[in-house]
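Everything below concerns the one structure shown next.
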Amino acid sequence: MIVDLRSDTVTRPTPEMYDAMTRAELGDDVLGDDPTVIQLEDLAAAKMRKEAALFVPSGTMGNQVAVRTWIKPGEAVILEQDSHIQFYESGGISAHAGAMTWALPSKNGVMDPADVRGRVTAGNIHTPATQLLCLENTHNRAGGTTIPLETMAEFRKIADENGMKVHLDGARIFNAATYLSVPAAEMAKYADSVMFCLSKGLSCPIGSLIAGPAEFIERARWNRKRLGGGLRQAGVLAACGVFALNNLVDRLADDHRRAREFAEHLNTIPGISVDMSGQQTNIVGATTDGAAVEWQSSLEEGGVRCFATGPNRLRFVFHREIDDERLARAKEAVSAIRKELSSAH
Ligand code: TLP
């Protein structure tokens, strides 16, 4: 039995999704007449309480299109230094948007509002105009941590005082909403635009959405087309998204419960630990005594797949395909590896 904890992106479509794909009414989305895509975009806009939404092939494209749509080349964006946009999007923010970034440190993925305020530069002959603040909730590299609503409100205030827009990378916004026990729109309301993914904990094969003001979404549609992200009979994918948004959000709490149980188990094993103050959602970020890649390859031999995200950091992600049996198997595998590592030394 393989226990794949590399990412929640590994989840495959459910039987209901295959069924929805075969029954989906289709059109040509680049021409604007795929009814299932329109249905998904309307549903996404309603969930985020925004005027409109746009279906995009990936979360990365969603973030890139959003930043490109909000700013002009040479302008600055404030974001967290380990955020997905800064760390994992292959420099796209400078390649596609021509942005320069003010990348700030954080505690558990949450920037200090005072640091953000202090970094806003006015556009003049010397400094770039800081026009956009990007937030990530939940924060991937910080281990699935959330931004408290009061801090979201502070970020909004800083943006308003400085004429800036706010983009929220909410790839896992429903995990954040589950943890904070609020509707996702309660977080989205502090942002002008929000991106969320269907292809992570929601189990869809492909797809993300950007939601925001109608005029912004219209311009984003142009930028999506320019990047080659216009898909034709995209309704086959959108049908999965409609099913997921209506049926698979409530079960995310199970992933959080299993992630916490696994993190607690790691803390009983010498040589690996998890800071439980940041253990909130479906990602477990562990610190290892020895090289994380050694743990990763030993675990792989034991049938458990995970990622080393730093020299001493391992990431385990819980999702719909990890049931209690697989959780138990993963716990056993880590205990066995530890025994093996200590007898080898
Ligand atoms: N994250 C992936 C990898 O790229 C690291 C993962 O396995 O977690 N925002 C956030 C916060 C993300 O975690 C991701 C994907 C994205 C955006 C991009 O989504 P995709 O993979 O659809 O481009």
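The values are calculated or read from the model by the stated rules, or taken from the named source; none is laboratory data. Fair warning: this is a prediction, and the values are worked out from it, not measured in the lab. Neighbour counts run over all protein chains shown; Cβ positions are idealised from the backbone, glycine included. Heavy atoms of the whole protein, side chains included, go into the accessibility calculation; ligands, DNA and RNA do not. Shrake-Rupley method; radii C 1.70, N 1.55, O 1.52, S 1.80 Å.
Helical runs assigned H by DSSP (4 residues or longer) give the chain a calculated mean residue ellipticity at 222 nm of -13000 deg cm²/dmol, each run adding -39500 (n - 2.57) before division by the residue total. Extending 7 Å from Cα along the Cβ direction at A185 and again at D160 yields two label points whose distance is 1.9 nm. Sorting the segments 58-66, 70-78, 268-276 by their residues' average number of neighbouring beta-carbon atoms within 10 angstrom, most packed first, yields 58-66, 70-78, 268-276. The HN-Hα couplings worked out from phi for the stretch 101-106 by the Karplus form 6.51 cos²θ - 1.76 cosθ + 1.60 (θ = phi - 60°) are 10, 9, 9, 9, x, 8 Hz, whole numbers, x standing for Gly and Pro.
Averaged per residue, the stretch 251-344 has 43 square angstrom of accessible surface, using a 1.4 angstrom probe with ligands and nucleic acids left out.
The label-point distance for E332 and I2, in a model that sets each label 7 Å from Cα toward Cβ, rounds to 1.9 nm. With the contact rule set at Cα under 8 Å and sequence spacing of 6 or more, what percent relative contact order holds for the chain? Value for the chain: 24 percent. The slack between N247 and S273, meaning 0.36 nm per residue of separation minus the straight C-alpha distance, is 5.9 nm. Computed from the Cβ-Cβ distance with R0 of 41 Å, the FRET efficiency linking F307 to L149 stands at 0.85.
Among the listed pairs K47/K331; K107/K165; K47/K72; K72/K225; K47/K107, those with a Cα-Cα distance over 25 Å are K47/K331; K47/K72; K47/K107. Simple spin-label estimate for R23 and K72 gives 5.0 nm between the two label positions (7 Å along the Cα-to-Cβ direction from each Cα).
Figure legend: label point modelled 7 angstrom from the Cα of H126 along Cα→Cβ; residues of the stretch 92-116 with amide N under 20 Å from it are 100-103, 116.
Relative to the current alpha-carbon distance between R219 and R232, full extension at 0.36 nm per residue lengthens the span by 2.8 nm.
Relative to the longest principal axis of the Cα atoms of the chain, helix 149-161 runs at roughly 30 degrees. Applying the Karplus relation 6.51 cos²θ - 1.76 cosθ + 1.60 with θ = phi - 60° to the stretch 220-234 yields 3J(HN,Hα) values of 5, 4, 4, 5, 4, 4, 4, 7, x, x, x, 10, 7, 7, 5 Hz, where x marks Gly and Pro. The stretch between E51 and D324, if pulled fully straight at 0.36 nm per residue, gains 94.3 nm over its current Cα-Cα span. Between rounded, prolate and oblate, where does the chain land on the alpha carbon gyration tensor, with a ≥ b ≥ c its root eigenvalues, rounded for a/c under 1.5, else prolate if a/b exceeds b/c? Judged from the Cα gyration tensor, the chain comes out oblate (a/c at least 1.5, b/c at or above a/b). Residue by residue, the stretch 180-194 carries 3J(HN,Hα) couplings of 7, 6, 9, x, 4, 4, 5, 8, 4, 5, 7, 10, 6, 10, 9 Hz when phi is fed to the Karplus relation 6.51 cos²θ - 1.76 cosθ + 1.60 (θ = phi - 60°); x denotes Gly or Pro. The H on the amide N of R313, modeled in the peptide plane, is under 5 Å from the matching H of T288, A292, each at least 5 residues off or on a different chain.
Got a number for carbon plus sulfur as a percent of the chain's accessible area, 1.4 Å probe? Carbon and sulfur: 51 percent of the exposed surface of the chain. The relative contact order of the stretch 194-345, computed from alpha carbon pairs under 8 Å that lie at least 6 residues apart in sequence, is 18 percent.
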